[in-house]
Structures are given as C-alpha cells and as structure tokens.
1. Check region A:124-145 and report whether any residue there is over 26 Å from B:Val133 (Cβ atoms) and open to solvent by 50 Å² or more (accessible area, probe 1.4 Å).
2. Being part of a strand (DSSP E or B) and closer than 22 Å to B:Trp98 by Cβ is true for just one of B:Val38, B:Val76, B:Val69, B:Val54. Which residue is that?
3. What residue, among those in region B:257-289 that are assigned to a loop (DSSP other than H, G, I, E, B) and at pLDDT below 90, is surrounded by the fewest Cβ atoms within 10 Å (Cβ to Cβ)?
4. Out of the residues in region A:236-248 meeting the condition of being in a loop (DSSP other than H, G, I, E, B) and open to solvent by less than 60 Å² (accessible area, probe 1.4 Å), tell me which one is farthest from A:Met201 (Cα to Cα).
5. Just the residues that are open to solvent by 10 Å² or more (accessible area, probe 1.4 Å) and within 18 Å of A:Ala411 (Cα to Cα), please, taken from region A:335-366.
6. When the residues of region B:171-187 are filtered to those that are among the acidic types (Asp, Glu) and within 18 Å of B:Val40 (Cβ to Cβ), which remaining residue is modelled with the highest pLDDT?
7. Pairs, please: C-beta under 8 Å, at least 6 apart or cross-chain, first residue in the same structural domain as A:Phe161 (by TED's automatic domain parsing) and under 30 Å from A:Arg20 (Cα atoms) and in region A:225-254, second outside any strand (DSSP E or B) and modelled with pLDDT of 95 or more?
8. So if I check each of B:Ala135, B:Ala160, B:Ala190, B:Ala220, which one is in the same structural domain as B:Asn21 (by TED's automatic domain parsing), closer than 30 Å to B:Ser253 by Cα and of a type outside the set (Phe, Trp, Tyr)?
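The values are calculated or read from the model by the stated rules, or taken from the named source; none is laboratory data. Note that this is a predicted model, so its numbers are computed, not measured. For neighbour counting, all protein chains shown are included, and Cβ atoms are generated from backbone atoms with ideal geometry for every residue, glycine included. Calculation scope for accessible area: heavy atoms of the full protein, side chains included, ligands and nucleic acids excluded. Shrake-Rupley method; radii C 1.70, N 1.55, O 1.52, S 1.80 Å.
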There are 2 protein chains.
Amino acid sequence: MPLLVMKFGGTSVADLDRIRNAAAKVKAEVDRGYDVIVIVSAMSGKTNELVGWVNETSPLYDAREYDAVVSSGENVTAGLMALTLQEMDVPARSWQGWQVPIQTTSAHSAARFVDIPRANLDMKFAEGFKVAVIAGFQGVSPEGRITTLGRGGSDTTAVAFAAAFGAERCDIYTDVDGIYTTDPRITSKARKLDKISFEEMLELASLGAKVLQTRSVELAMRYKVRLRVLSSFDETDEQSGTLVCDEDEIMESKVVSGVAYSREEAKLTLVTVEDRPGIAAAIFGPLADSGVNVDMIVQNISEKAQGSDKPVTDMTFSCPVDQVARARKALEAARDAGHINYDTLEVDEDAAKVSVVGIGMRSHAGVAARMFRALAADGVNIKVIATSEIKISVLIDRKYMELAVQALHDAFELDKAG
Amino acid sequence: MPLLVMKFGGTSVADLDRIRNAAAKVKAEVDRGYDVIVIVSAMSGKTNELVGWVNETSPLYDAREYDAVVSSGENVTAGLMALTLQEMDVPARSWQGWQVPIQTTSAHSAARFVDIPRANLDMKFAEGFKVAVIAGFQGVSPEGRITTLGRGGSDTTAVAFAAAFGAERCDIYTDVDGIYTTDPRITSKARKLDKISFEEMLELASLGAKVLQTRSVELAMRYKVRLRVLSSFDETDEQSGTLVCDEDEIMESKVVSGVAYSREEAKLTLVTVEDRPGIAAAIFGPLADSGVNVDMIVQNISEKAQGSDKPVTDMTFSCPVDQVARARKALEAARDAGHINYDTLEVDEDAAKVSVVGIGMRSHAGVAARMFRALAADGVNIKVIATSEIKISVLIDRKYMELAVQALHDAFELDKAG
C-alpha cells in the first residue's frame, strides 16, 4: 500500500473545527488509496502556555521535566485527531512517542533521532488501520524519559517518519500555500514556486523564508524525502503547494529561484588588526563561544602598519543586530586578554542582507554582475558581498532593503514561470 | 527510610502558587526524614476541558483515545511539581504511568490495578532521590495503551502506591480539613473526627460525605493502608486532619460516629404484587438492568388477595429522584411482558435519607430505639427503615431532613469528643 506522511502545524489544529478540516484532508488521501502517517503539533498557544508555566516555576529548569510537561500538548492533539478520523469512519489510532517508540538521544529539549522502528505501526497497518496519528516533536531517551526535539521539531518528526517508512511524499500543511520567489508583502509580483530543490530551500529557509524548519529540510535532503508545503486552509489537490525535492526532479530551472532577505543585520569592522596566521581563529573563536552568529566575513588585503614592518588588515563581519553588544564584549575581552589586537571597532547597526538563490548559478556565469548592476541602477550601495555555490548575498543600508528585493525580483524575471 | 504517600487533588494544584504551597508540605515531610511518593491530579478545570473536547469530537468516543487525551492533565502537574520541588532543593522527578509502569487492566476509563512494580522507583530512591511525583489516575494496559481509572482515580492511585511501597501513611490533601460528624452546613455543632474506621468511612462516603472516593477506601481497608484526610490550604502538622484506619487503632469509639444524609430520594411502592418465590428477582432484575440504583427495600407481610387464594404483598423501595422515570419504564415493561403483576405504582418524590453510622453499634443495643425516639420527639415520620451491622437508615419527608440530622447529632452527643 503506498504511504503518505501528512504534518499539521499548530495553527492547522488550533481548535476542533480546524482538526476536523485537517482530518478531512487525511480522509481524502485514504480515499485515494494511501495509508497515512499523520504528525500533529500542539493546538496553537498550548505549547506557549506550558513553556510559560515551566519558566515561571523554574527559570533554570531540569530539561527532562520541561520535556515531560511540554510534550503533553501534542498528545492531546493526537488523541483528538484519531477520534475525529474515527468519526469519519477512518480506522485510526494515536501514538505517543514512547509507544512507537521514537528513539532519540538523551539531549533533552534538543534531542536527535536514533531510530524509528517500524514494527508496531506496520502491525497496525496490516490489521487494517489506515491512519497512524503521531504526536510530533517528541521521543523517548535510552533512559526511558520523554524527550523533545526543540521548537519546530514536528516538521523533523514528519521527515523522519517519511524516511523510515519509505513514504511517497511528506506533506507539510501550514498557514501559507507554498514557497514564494520572495516575500509577497514586499512585492506583489512574488510568485509561488511549483518546485524548489532542497539546496535552494535550505538557503531560503536560513535566510528568512520561515516556512520549514532548517533541520527538517537537511534531513529530507539526506534521505531524499520529497516534501510538499501547502495550506491547510485552502482546498488542496495533488498539484497544490510547492514541492521541495531533489534537483534531478526539476527539469528546467531558472538561474535564480528566489530572493531572500534578513532585515536586522549589523556590520562590524575591526580596524588595524595584526595580520598573522591564526588571527581569524583568535577573533571568531571567542565570538562563537559567546553565541554570536557571525554570517558574512570579509578580510581586506594586508598592508604594512605605519612605522612598522608588521602587516595589518581590517576584518569585517556581520551578525544580527541584537547580538552586537555580546560581540563587542567578547572582542574587548579577547583584546584585554592579549589574544588579539585592534585599533577600533566600528559598528554599523543599520544594515540588511539581501540574497539571490538558485541552483542554476552553478552553470550560468554573470549572475553576480547582473545582481550588482540591478542594485547600482537603483543607487543601492553594497557594503559587503559573500557568495556560495548557489547564493550571492549583499549587505546594504537597511532603508534600501525593500527596493533591493523588488529590483532583484524584476532583474531575474522571477514573476515569470519556468 | 520510612516512606509517606501524599496526594494532592485538583484544587490543591490549581495554579503555580498552589503547587508551590503543596510542594512546601512535601518538603516538610522530607525534612522530617521521609522519602515521599507524591500523587497529583490535573490542575482543576483541565480535565473538564479535555473531556469536553473529546465529547464534542466524538460523543461515542473510543475509550482508548479518551484516556490518551484526558491523562495529559496529570502529566503536566507531575512535571511542574517535580520542578517546584527541585527549586526547593528537594531531589525529585516526575513519573508518568507507563514509566513506573503502573500496570492496569485494559478496561479503558475504568481500569483496575494489576501491579505496581517497585524496581524503578526503588532504584531512584537508592540514588538519593527523595521524592517521586506520580501522575495520578492513569496506568498502562497490557497492550501498551494509556488507561485511566475513572474520575477520582487519583485517590485510588495514592492508596495503591501506599500498599505497594508499604508506606507508613497515605495523606490525602483536599479542600476540607477532615471528616466531620455530619455536614457543618447543616449544624454548626458538627465536629471534626480525629479518627474513623474504614468501615464507617465507607458508609459515610457512599452516603454523601464526598471527600474520599469509595474505591480508594475499599482498597485502603483491604491492604490496611492508614489514610489521612487533611486540608492543603491550612497549616498542617502530624496531628492535622482525620485518620481513616483499622478499627483496632481506635481505642474508644462512640456508639455512633456520624450522621449522613442523601437529599434527593424517592420512595416507590408496587401495590398488590403477587407474592411468590422469585418475585423480588423479577422486580429488581429489570431495575438493575436499567441502571436504577435501588437502595432500601421493604416487603410487607403477605396477605390474601380479595376473592382469591393467591397471597399478595406490597413492595417498597427507594432510589434517587432522577431515576424515577427510568424505574417506572422498567417496571411497566416487565408488567407488559408478563414477568410481574401489580395494581398500581405509587411514587413519593419528596423523600430524603438520614443515616447514623458507627462501629460501636455492633456492641451496643438500643441504638435504633434511641434514633426513632429522637425523630418522634421532633414529629418526624419515618417512611422506611433499613439497617446494617454499623448503620441505621431512615427515609423521611425531605422537608424534615435538616431537622432530623440536627436532632440525631444532638441525641448521640456527637458534638462531644471521645
């Protein structure tokens, strides 16, 4: 029997009416001949309520107890979904993590899958059950304690089940109807993509298109699980939404698939740093230890310091604006400890990052030039450039961000299909 | 290490402040040198919310899913209680039913204990944990599904753990400060009892003193678990509340320990019933099958029917007022089917039941006479009388109920200790 995994997030199961709506979509797939594994999140708001109680009770909580409390929200939805399906004459039952059992590491609140044995669910499907409803976001540790995967872990649960059971596809139902070429709030020309590759999705997700949890896309890429993102609030059929898949499935791809952005970026420059082997590690080690997410890094060409033979350079990097204070503290501590040396730290807190992403870049030259020309034509000054195999990012003045996204969307003709 | 079981009901853990208050009581016992097993209910209101969702989703629900959903309330409280104790530097952890594991039958929503293996908890106590917080009201079936014991099952969980672990005592914290000689709302002379026997408690509980679930008292009696009922809202010490214990522990007992009542009773009389062997079974079988809880039964002395040789009698019984319609229907159906025969069914819906309860009755004569005299002195007419070894009940006009309770409380001098 072909098998589908369907995942419904918190807003898709926010109340009993929405659970019924989601169950109807499951029944439609059963009627098409599928066995279905349904992954559910907690009803929206419930997890926040539970997390709030834990934090108020114990600010430095025991993560094992946190997990035991917080996982209960998904258990409630799983039972209600199974009951709703039964009311529609679909043979279904709920499964909590320990019942499957979903085996994870003992890293509470950030656990990783160890194994999802198929035996228990396979037995139920063989008995004629058509749907297994799984409480997402949770598992059980080798010590028999309940674990959670961290927020957003229900997407990861869905992909892990799809991989373990060889599902034909893993459908992620959410409150948007797919992946867009860019944020439709910034340009009305944004167009929904029919397909996108895992690699592109990873770049778009980490850059701010917050539809799928990054780890779930990584997992899908590793196990070649075809993911579909679609809306639980629309009528849907087999063509709905956006398919995230291996690039082999994407016959003709444009050079650029999408334009991503990140609004609250800061540019930091260490002026006159001694240029010696190991200096980068001496700078970025303490930053990483302090939890600063350094993104783009640029090092100027080395020159000789005035009245000295020692080569010096400037080191520029970007990080989220709300981490600037932490970065400054880490750098000053490293200088005070004598690990690094610099004249001044210049901070520009008015930056934003704009990126174009596309697997087509690999085989097409001139993408960067086309990007820079489009920005120049609108008078947008570029502060920092960073490139990867399928992405070009620039740091610009924040006030130009929307303009830049619109200009790049036009320049790469993303409003046109194919 | 001596061990205590402490159980906190829904109102005692209704919010984080109350959980802290309960945890302080647990810490006090740990400080006195006890290991403690804490049994918690769901925060008050939570179970009703979950039950409401299940009923709305599926009126004829699958009890396995009902149990999976409804048991989640206790899991939340257990985790929060463990965290609260940890904040007070008391080494504690939470246990869900399947983790102990609390083994029950598969009778979902009305499961019974099969076994509570000690190994897992004993190991944790040996490691230095002082408190095991158990989610009450739940267990796990042989099939690995979550079961619940039915409403009020947290009391039963507490007694079962006290029996399994040989606890010195099982303290039931609730919103009243003990068991009273009668309802203090009816007479201000009602006095809190220091001790009461299991047998007396059973009679009082089933008669309307709704403090302890009947099944938990039965279980406590069978395993000789000393129960203490006390308030979670008062300062408490080792003398607080009422101890429910074996009668051997009660040195001097009064003839009567308490006066119970049940307000909404009906008296039904089948007039001119054929008096033949098996007639009682023919009448009360259909009533039981229809779910009518028949309480007191009186059969008049047989006489000959007019113009006939057949002996006839009148059969009188009582049941709750809200079951009268059901009783009438069952009896008429039995008559229509030819199983029984009667002239008329007389129904008196204005009755109430008042009972005096006491193990001292066994060795003291004249209790009934004293009771009837007290009622007669106040002009209270008795409709039906029923007696057991430690209880005398009378059915009277409902409007005299408070008067009768006050008169009996005075007649047996229950306001005086010892």
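1. Restricting attention to region A:124-145, the residues satisfying the condition of being over 26 Å from B:Val133 (Cβ atoms) are A:124-134.
Add one more test, that the residue is open to solvent by 50 Å² or more (accessible area, probe 1.4 Å), and what stays is A:126-127.
Yes, the conditions are met somewhere in region A:124-145.
2. B:Val38
3. Initially, region B:257-289 is screened for residues assigned to a loop (DSSP other than H, G, I, E, B), giving B:257, B:275-278.
Retained after the next criterion (residues that are at pLDDT below 90): B:275-278.
Details: B:Asp275: 20, B:Arg276: 13, B:Pro277: 6, B:Gly278: 9.
Filtering region B:257-289 for residues that are assigned to a loop (DSSP other than H, G, I, E, B) and at pLDDT below 90, the one surrounded by the fewest Cβ atoms within 10 Å (Cβ to Cβ) comes out as B:Pro277.
4. By that ranking, first place goes to A:Thr236.
5. A:Lys353, A:Ile359, A:Met361, A:His364, A:Ala365, A:Gly366
6. So the first thing to find is which residues in region B:171-187 are among the acidic types (Asp, Glu), and the list is B:171, B:175, B:177, B:183.
From the residues that got through so far, the ones that are within 18 Å of B:Val40 (Cβ to Cβ) too are B:171, B:175.
Values: B:Asp171: 97, B:Asp175: 87.
Once the filter is applied, the top-ranked residue is B:Asp171.
7. Final answer for the pair search is none.
8. The conditions single out B:Ala160.
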